[in-house]
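Presented below is the structure to which this report refers.
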Amino acid sequence: MNTSETAVTTEAAHDDHDHPSDAKYIQIALLLGIITAAEVATYFVDIGVALIPVLMIMMVVKFFYVASWFMHLRFDSPLFTKFFVAGLILATAVYLVFLTVFEFWSKG
Amino acid sequence: MSEAATTEHPTNTGISHNKLAMWVFLGSECLLFGALISTYLLYRNEFHTGPAPGDIFDIPFTSVSSFVLLMSSLTMVLALSALKRGDIRNNRLWLLTTALLGALFIGGQVYEFTSFVREGLGFTTSPFSSAFFTLTGFHGIHVSLGIVMLMSLLISSLRGNLKEKNSETVEIVGLYWHFVDVVWIFIFTVIYLVPNPTS
Amino acid sequence: MTDTIVETNRPIGVYTRPKGGGGWRDWVTTVDHKKIGILYGATALVFFVVGGCEALLIRLQLATPNGTILGADTYNQVFTMHGVTMIFLAAMPLAAAFGNYLIPLQIGARDVAFPRLNALSFWVFLAGAIFLNLSWVLGGAPDGGWFGYAPNSGIIYSPSVGMDFYAIGLQITGIASLVSAINLTVTILNMRAPGMTLFKMPVFTWMMLVVQLLLVFAMPVIAVALFLLIFSRQFGANFFNTEMGADPLLWQHLFWIFGHPEVYILILPSFGIISEVIPTFSRKPIFGYEFMVFSGIAIGFMGWGVWAHHMFASGIGPLSVAAFSLSTMFIAVPTGVKILNWLATMWGGKIKFTAAMLFAVGVISMFTIGGLSGVTHAMSPADTQQTDTYYVVAHFHYVIFGGIIFGLFSGFYFWWPKVFGHMLNETMGKINFWVMLVGFNMTFGPMHTLGLQGMSRRIDTYSPGFGFELWNMVASIGSFIIATSVLIFVINVIVSAVKAKGQPHCGPDPWDARSLEWMTPNPTPEHNFDEVPVVESLDEFWHRKYGTDEEGRIVRVATAEEVCQDGSATGVHLPSPSYWPLVFSAGLPLVGLGLIFSLWLTIPGGIMMVGSLFAWVFEPVDDPDGPHGHHDDSEETATEEAPVV
């Protein structure tokens, strides 16, 4: 695309790239489906203290796959990732402190 | 593809105004849902004399509707991918499917809400109930707005105005749609699956 | 032009874009960032006067013990609306006025990224401002303080409709801020002139970028807090109902998570303004440009980690108090860096004390006093003593009035010729400054003493015999001196405009300024730049005027007239005006009134909003009858703002 060539400052790569095939998307959706099934399985199978960490890991993996593949972050301008990650990190940090001040973790 | 550019003048970053604006907006939305989720977490134990979350959540049911929403993300990327190939027919098909899956999710939420109310969990029953309905309600409103956008795209396509060169519009609506989906991924785990207090 | 062409350009056929045509129509349909900037500025100045009158009422009431000018209930409404008006309807939109007008000019752009959304921001702000003030005649103004602490803001303790107006009104102005913030962020990142890298942007634009990012991330937090309040008051939700186990501190946390970044949202534009004024009148480049930028970013970033210092006395526990006490002391560091850099910029410069420069120096000195009393708040043991006393009132007026209002006035005097093509009277400007400085210190200086003597905030009156009489009287006299200084400014504006009538416009570069906006003639022509300049350095405009000779001395190489563009370009394509931002905005207060009084009202309001959004989407990008090929936001813009509900 010629806009990136005429742009005078190249702070970010342009989003002209090959998008993954439909088959790849379906593959990822399958993976997401399987993880969801595993998540739901924890409701029926007792895995003890590992439960919360396992749930969190599965959640982050799902989140990551949707954001990076379906939302194209892995192919698109890093600027988008910066904005999204800034929002995520800021929200996580601020609200973790918020809950800590309320002594949420000891209340359970 | 150069005709697809919605701005005639080159931008410093080489990316379009619209897409950048959507991502900035999504960054902002993180703080919105963060506040709602934190409020809920703060009050998950405060069910007063009403039903507790652990008494009332129907995990198998919510799992199915979560799966429905997850799959709507797949159909959304397929819609975009079809349009980028110039495949208008499949684009319409997948847009419609996405909207229908979204509507199915909303239908599930309406059913969930009504059954909760029947079991004695109204909006004003307890701090827990207020926070729960506010959080999931806000998410539901986001999904509903997404459905409106998808239907607008579909109507626009049926009028012959949604062509390959407009694929960025579909992509931007898609970004919003996927974002609403990832928020639900978070809500489903943290609100439903993490063991909930019972009364 | 044949019919077929018109049809393809108008998908629905009936939506044409207004052509203006002069007079008020130009203003209500404008999408020009300069006109929107002027609209923001004029509206905000009106509300600045309204908020000022409210302040005078407060000072009249408190001038003597057992004051009877206002009853306790009216007093609550007046001090609440004074805070809300000054922060949300005066200081923030004044910053938006400067931002809107100057950012595109300083980065060498023809307009903002989304001209129609820009118009939307202004009209939504105006709708919210009018909505808030309608409360005076529709059942009582908000009376729970600008911070609206729960459960005091709940239906039990504040049964009038005032706090409903507060919650919904601020929600509406919040939409305006968020939309505008996204718009200006995209503008600054995407629309800089060729060669203008981020680190060649003027400090003002940099500070405004930080402000927009703070707004982007902070507005949703207050939005959630206000939704919780609206739901509690309107639908009986239990977010702040302590009887059911809810924690009213939830509101305080959410409010201050927004509220502390808000403090920097307010102050950074002023820092940006004086960072332009001080180098110009010191005849030196800004000292430590990178430090200036990075300290601004650091302030914006650290502003997220200090919110609970507003809550030291609320029982958040010793660990939290210690942590937030520490982070608050740290945030003084980047602020100190800025103050040092301004002083170093002036050091050894050929300083010219124009009115703008006087106000800028006023910011440095007065803000430093406020900053120092701020550090005494950061020490939590001392703060426990000061909480809810007039000492706090003194502190935040030194930062807000001394830091922000002085800075904005500096900006008025500096950029007035840019915007209106004539100068403000300098002598009157200097009188304006000195009167304001005296009045300001007389009003807020004694409040330190009053606070340490134990006079509490927000009380509507006090008994004689506590030693409060003298300083309250001094403060009240001071407040009327401030009012006089504002009056001098208004007179200056009128007199200068009358004198300038029929005279040729002032030259292109009245101050021998440094940044790109001065490369356009004064006042700025509608298309901004005849030709978008290619930028090679920071202070581009100055570098085009000055060079160095063989011995390294700075010499003038070109006159301003040679460097400036003459504004004669024709055929520049500009965005067409639009009705829909105004129509959409008019629907919002109807929905708000509907929520408070009768849900039926939400129907016409909702129809106006939804209808105008769809009209917006289908509006032809180009007026088929107007000039073609201009640069506008795409027709799909509405898909992006639909979620901003």
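Quick look at the numbers
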quantity: Of residues in the range C:197-208 being part of a helix (DSSP H, G or I) and farther than 19 Å from residue C:98 by Cβ, the one nearest to the other protein chains (Cβ to nearest Cβ); calculated: C:198
quantity: Some residue of the range C:443-450 being within 19 Å of residue C:387 (Cβ to Cβ), in contact with a strand residue (DSSP E or B) (Cβ under 7 Å, 6 or more places away or on another chain), in a helix (DSSP H, G or I) and touching a residue at least 40 places away in the same chain (Cβ under 8 Å); calculated: no
quantity: First in the range B:89-102 and at negative phi, second anywhere and not in a helix (DSSP H, G or I), Cβ under 8 Å, 6 or more apart; calculated: B:91/B:162
quantity: Flag if residue C:153 is touching a residue at least 60 places away in the same chain (Cβ under 8 Å), outside any helix (DSSP H, G or I) and more than 9 Å from chain B (Cβ to nearest Cβ); calculated: yes
quantity: Selection from the range B:140-181 of residues that are of a type outside the set (A, V, I, L, M), part of a loop (DSSP other than H, G, I, E, B) and touching a residue at least 24 places away in the same chain (Cβ under 8 Å); calculated: B:163
quantity: Matching residues in the range C:238-280 - criterion: being free of Cβ contacts under 8 Å to residues at least 40 places away in the same chain and small (Gly, Ala, Ser); calculated: C:245, C:246
quantity: Filtered residues of the range C:75-108 (kept if among the small types (Gly, Ala, Ser) and in contact with a Lys or Arg (Cβ under 7 Å, 6 or more places away or on another chain)); calculated: C:108
quantity: Any chance residue C:644 is at pLDDT below 75 and either within 14 Å of chain B (Cβ to nearest Cβ) or surrounded by fewer than 19 Cβ atoms within 10 Å (Cβ to Cβ) (or both); calculated: yes
quantity: Checking residue C:465 against (1) part of a helix (DSSP H, G or I); (2) at pLDDT below 95, the condition it does not meet; calculated: (1)
quantity: Selection status of residue C:257, out of contact with any Gly (no Cβ under 8 Å at 6 or more places or on another chain), of a type in the set (A, V, I, L, M), more than 22 Å from residue B:49 (Cα to Cα) and in the same structural domain as residue C:294 (by TED's automatic domain parsing); calculated: yes
quantity: Restricting the range A:65-94 to residues that are more than 9 Å from chain B (Cβ to nearest Cβ) and among the aromatic types (Phe, Trp, Tyr), the residue that is nearest to residue B:23 (Cα to Cα); calculated: A:75
quantity: Residue that is surrounded by the most Cβ atoms within 10 Å (Cβ to Cβ), among those in the range C:373-398 that are free of Cβ contacts under 8 Å to residues at least 24 places away in the same chain and over 11 Å from residue C:452 (Cα atoms); calculated: C:376
quantity: Out of C:459, C:494, sole residue that is out of contact with any helix residue (DSSP H, G or I) (no Cβ under 8 Å at 6 or more places or on another chain) and in a helix (DSSP H, G or I); calculated: C:494
quantity: Members of the range B:105-139 that are surrounded by 19 or more Cβ atoms within 10 Å (Cβ to Cβ), part of a loop (DSSP other than H, G, I, E, B) and out of contact with any Phe, Trp or Tyr (no Cβ under 6 Å at 6 or more places or on another chain); calculated: B:121, B:125
quantity: Top-ranked residue in the range B:7-61 [being among the hydroxyl-bearing types (Ser, Thr, Tyr) and assigned to a loop (DSSP other than H, G, I, E, B); ranked as surrounded by the most Cβ atoms within 10 Å (Cβ to Cβ)]; calculated: B:13
quantity: Pairs where the first residue, in the range A:59-82, is farther than 20 Å from residue B:16 by Cβ and in the same structural domain as residue A:27 (by TED's automatic domain parsing) and the second is modelled with pLDDT of 95 or more and among the small types (Gly, Ala, Ser), C-beta under 8 Å, 6+ apart; calculated: A:66/B:73
quantity: Elements of type helices (runs of 4 or more DSSP H) in the range C:532-639, at least 2 residues being within 32 Å of the chain's Cα centre (by Cα) and at pLDDT 90 or above; calculated: C:540-545, C:580-596, C:602-618
quantity: Filter pass, residue A:49 being modelled with pLDDT of 95 or more and either more than 7 Å from chain B (Cβ to nearest Cβ) or under 21 Å from residue B:184 (Cβ atoms) (or both); calculated: no
quantity: Residue within the range A:10-22 that is at pLDDT 95 or above, loosely packed, with under 15 Cβ neighbours inside 10 Å and not aromatic (Phe, Trp, Tyr) present; calculated: no
quantity: Residue count for the range C:245-259, restricted to those that are within 7 Å of chain B (Cβ to nearest Cβ) and crowded, with 21+ Cβ neighbours inside 10 Å; calculated: 3
quantity: Number of the exception - residue C:194 against (1) at pLDDT below 95; (2) part of a helix (DSSP H, G or I); calculated: (2)
quantity: So residue B:97, is it hydroxyl-bearing (Ser, Thr, Tyr) and closer than 21 Å to residue B:152 by Cα; calculated: yes
quantity: Unique residue being surrounded by fewer than 23 Cβ atoms within 10 Å (Cβ to Cβ) and in contact with a helix residue (DSSP H, G or I) (Cβ under 8 Å, 6 or more places away or on another chain) when the list is B:83, B:78; calculated: B:78
quantity: Flag if residue C:313 is surrounded by fewer than 24 Cβ atoms within 10 Å (Cβ to Cβ) and without any contact (Cβ under 8 Å) to a residue 60 or more places away in the chain; calculated: no
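Residue-by-condition table, conditions (1) part of a helix (DSSP H, G or I); (2) of a type in the set (A, V, I, L, M); (3) in the same structural domain as residue C:402 (by TED's automatic domain parsing):
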| site | (1), (2), (3) |
| --- | --- |
| C:210 | yes, yes, no |
| C:217 | yes, no, no |
| C:220 | yes, no, no |
| C:238 | no, no, no |
| C:261 | yes, no, yes |
| C:272 | yes, no, yes |
| C:284 | no, no, yes |
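The values are calculated or read from the model by the stated rules, or taken from the named source; none is laboratory data. Everything quoted here is computed from the prediction, not taken from an experiment. Cβ atoms come from the backbone with ideal geometry, glycine included; neighbour counts cover every protein chain shown.
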